[in-house]
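J.: Sharing a structure below in structure tokens format, with a few things to ask.
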Amino acid sequence: MLAVLFALCVSLALAQDYIQPVPDYTPSSQNIAERNKFQNMKFGLFIHWGIYSVLGDGEWVMRVKNIPYNNYKRLADFFNPQEFDAKEWVQLAKNAGMKYITITSRHHDGFSMFNTAATSYNIVDATPYHKDPLMELALECAKEGIELHFYYSLLDWGRQDYGFGKPIVNHEPQNADWNSYIKFMKTQLTELITKYPNITGIWFDGHWERQNVNWHYDEIYSLIHKLSPKVLVGNNHHLAPFRGEDFQMFEKDLPGENTTGFSGQSKIGALPLETCETINNSWGFNINDNHYKSVKQIIHYLVNAAGRNANFLLNVGPMPNGKIQPEFTDTLGKVGEWMKKYGESIYDTRGNIIAPQPWGVVTQKMDTLYVHILNGLKEQYVFIPDVKRKILKARLFGHSSELKFKQQPEGVFVYLPNITLDNIDTIIQLQ
Ligand code: FHN
């Protein structure tokens, strides 16, 4: 984690005002429909899984532990996830109330977790497993109605043509082969989009490592949209969106906040939003990390994101045998129970209708406002400012009896005498 922050600080400090070439872009009607669907899904499972999981020390282990690339590559020999079961992962996501999965197809270590002809450094050719788990996952997702996005790292610590650590001159690394690297990425992205059924998103990461190289987004984004107009392009560059992107993501912070230092320059744009966070403190499997978030913390993150009009992408790092540890599956199951009961106030809603309040947030679907009281109240009423439309009815979610309320030009007071607030979320429905 420290290494990530360090890398980010260095890269931000070195950032120049280089303007990336981006495509002329008018999203197709399929793309607009997919964006809408994406916003309706609200909750997704992020998966960081690669040969690094063998060491149980996170996905940055090669850099953090200074492992030479050629030594690190040997991990492929031990990566044999015999217990991997795509059905189990998809059911886990479904039972948690998640509607999509975003999985690492290739992280910064450059190892491809899918069957690719572009490099033999991939799970089918380089590990004793010899199978393609991403294909199994894609088929299972398609069968179960779960959408699948691929995380794809722009940064590569090992390839010669990327030239990690080489000086950048004229927006290209020196003593590397930048054109070859761009071509390599285009080949892999073509494989991911054309060979795997029903892929609806590419999640780029690593731009921040080289802000002043020419990433050829004009070619890359156009290629993706040409191959499949419905595939949503997002890039975790921690900046305002570039033209050609279809959603904007935030890392370890809600949109508009910057408690972890990733979002200092992430100006919120007009695209659908997503924020990602881990279930403990690590993205990839970390055997030492017991900082498990509670069910309440996760539900609060989800509700707070929805109230700010963002999806929540919650990460787990599966173990090298292909299993997801019980601490995670247990929490996800409990989050799913909550979603079964209260999901109506989250799915298909939109947020940012009313600014977040000290007590919580508001989501909206058609004529209903869902008032989420997350943080307790000082008084026996809740005041919801800026409610423009006439309120006809107020009631506690799941109850038929009506609550007293008073609507004034500045907002609505809903009275809650003798009501014990829920420890997680008290939801009031305003019609
Ligand atoms: O360096 C990566 C990190 O390993 C992880 O993938 C996260 C997920 O948002 N993104 C990068 C840091 O911004």
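The values are calculated or read from the model by the stated rules, or taken from the named source; none is laboratory data. Note that the structure is a prediction, hence the values are computed from the model and not measured. Cβ atoms come from the backbone with ideal geometry, glycine included; neighbour counts cover every protein chain shown. Surface accessibility is based on the protein's heavy atoms, side chains included, excluding ligands, DNA and RNA. Shrake-Rupley method; radii C 1.70, N 1.55, O 1.52, S 1.80 Å.
J.: Which one is farthest from Ala117 (Cα to Cα), of the residues in segment 191-208 that are open to solvent by less than 10 Å² (accessible area, probe 1.4 Å) and more than 16 Å from the ligand (Cβ to nearest atom)?
T.: Here the residue is Thr200.
J.: Do you know which of the residues in segment 135-164 that are in a loop (DSSP other than H, G, I, E, B), of a type outside the set (Asp, Glu) and away from the ligand (no atom under 16 Å from the Cβ) is surrounded by the most Cβ atoms within 10 Å (Cβ to Cβ)?
T.: The selected residue is Ile146.
J.: Can you run down the residue pairs with Cβ atoms below 8 Å, 6 or more apart or on separate chains, where the first is in segment 32-58 and more than 27 Å from Gly351 (Cβ to Cβ) and away from the ligand (no atom under 14 Å from the Cβ) and the partner is open to solvent by 10 Å² or more (accessible area, probe 1.4 Å) and polar (S, T, N, Q)?
T.: Here the result reads Gly56/Asn286; Gly56/Asn288, each pair linking segment 32-58 to a residue that is open to solvent by 10 Å² or more (accessible area, probe 1.4 Å) and polar (S, T, N, Q).
J.: Within segment 59-71, track down each residue that is within 12 Å of the ligand (Cβ to nearest atom) and either of a type in the set (Lys, Arg) or surrounded by fewer than 14 Cβ atoms within 10 Å (Cβ to Cβ) (or both).
T.: Hit for segment 59-71 is Arg63, nothing else.
J.: So in segment 239-253, with the set limited to residues that are in a loop (DSSP other than H, G, I, E, B) and open to solvent by less than 20 Å² (accessible area, probe 1.4 Å), which one is farthest from the ligand (Cβ to nearest atom)? Working first, answer last.
T.: To start, the set of residues in segment 239-253 that are in a loop (DSSP other than H, G, I, E, B) comprises 239-247, 252-253.
Then drop every residue that is not open to solvent by less than 20 Å² (accessible area, probe 1.4 Å), which leaves 244-247, 253.
Numbers: Gly244: 20, Glu245: 16, Asp246: 18, Phe247: 14, Asp253: 11 Å.
Taking the candidates together, the pick is Gly244.
J.: Another question, then. For segment 20-39, enumerate the residues that are in a loop (DSSP other than H, G, I, E, B) and either open to solvent by 30 Å² or more (accessible area, probe 1.4 Å) or closer than 18 Å to Gly145 by Cα (or both).
T.: If the condition is that a residue be in a loop (DSSP other than H, G, I, E, B) and either open to solvent by 30 Å² or more (accessible area, probe 1.4 Å) or closer than 18 Å to Gly145 by Cα (or both), then Pro21, Val22, Asp24, Tyr25, Thr26, Pro27, Ser28 are the ones that fit.
J.: Restricting to segment 218-235, give me the number of residues that are open to solvent by 30 Å² or more (accessible area, probe 1.4 Å) and within 12 Å of Tyr25 (Cβ to Cβ).
T.: The total comes to 4.
J.: Shifting gears a bit: What number of residues in segment 349-390 are surrounded by fewer than 16 Cβ atoms within 10 Å (Cβ to Cβ) and either modelled with pLDDT under 95 or in a loop (DSSP other than H, G, I, E, B) (or both)?
T.: 13
J.: Since Gln211 meets every condition but one in (1) surrounded by 19 or more Cβ atoms within 10 Å (Cβ to Cβ); (2) within 19 Å of the chain's Cα centre (by Cα); (3) part of a loop (DSSP other than H, G, I, E, B); (4) not basic (Lys, Arg), which condition does it not meet?
T.: (2)
J.: So, Asn423, is that one more than 16 Å from the ligand (Cβ to nearest atom), closer than 30 Å to Ala93 by Cβ and not in a strand (DSSP E or B) or not?
T.: Yes, satisfied.
J.: Of the residues that sit in segment 78-115 and are within 16 Å of Ile199 (Cβ to Cβ) and either basic (Lys, Arg) or open to solvent by 10 Å² or more (accessible area, probe 1.4 Å) (or both), which one is farthest from the chain's Cα centre (by Cα)?
T.: Checked segment 78-115; the qualifying residue farthest from the chain's Cα centre (by Cα) is Asn115.
J.: Taking segment 101-119, which residues are away from the ligand (no atom under 16 Å from the Cβ) and either of a type in the set (Ser, Thr, Tyr) or assigned to a helix (DSSP H, G or I) (or both)?
T.: The answer is Thr116, Thr119.
J.: The conditions are (1) touching a residue at least 24 places away in the same chain (Cβ under 8 Å); (2) assigned to a loop (DSSP other than H, G, I, E, B), and Leu189 fails exactly one of them. Which is it?
T.: Exception for Leu189: condition (2).
J.: Can you tell me which residue in segment 380-393 is farthest from Val412 (Cα to Cα), limited to those that are aliphatic (A, V, I, L, M) and over 34 Å from the mean Cα position of the chain (by Cα)? Working first, answer last.
T.: Restricting attention to segment 380-393, the residues satisfying the condition of being aliphatic (A, V, I, L, M) are 382, 384, 387, 391-392.
With the extra rule that they be over 34 Å from the mean Cα position of the chain (by Cα), the set shrinks to 391-392.
Numbers: Ile391: 8, Leu392: 11 Å.
So, considering only residues that are aliphatic (A, V, I, L, M) and over 34 Å from the mean Cα position of the chain (by Cα), the one farthest from Val412 (Cα to Cα) is Leu392.
J.: Right, something else. Check Asp330, Asp289 and return the single one that is among the charged types (D, E, K, R), surrounded by fewer than 23 Cβ atoms within 10 Å (Cβ to Cβ) and in a helix (DSSP H, G or I).
T.: Asp330
J.: Considering each of Gly269, Gly256, Gly307 in turn, give the residue that is away from the ligand (no atom under 16 Å from the Cβ) and under 22 Å from His149 (Cα atoms).
T.: One residue alone meets the criteria, Gly269.
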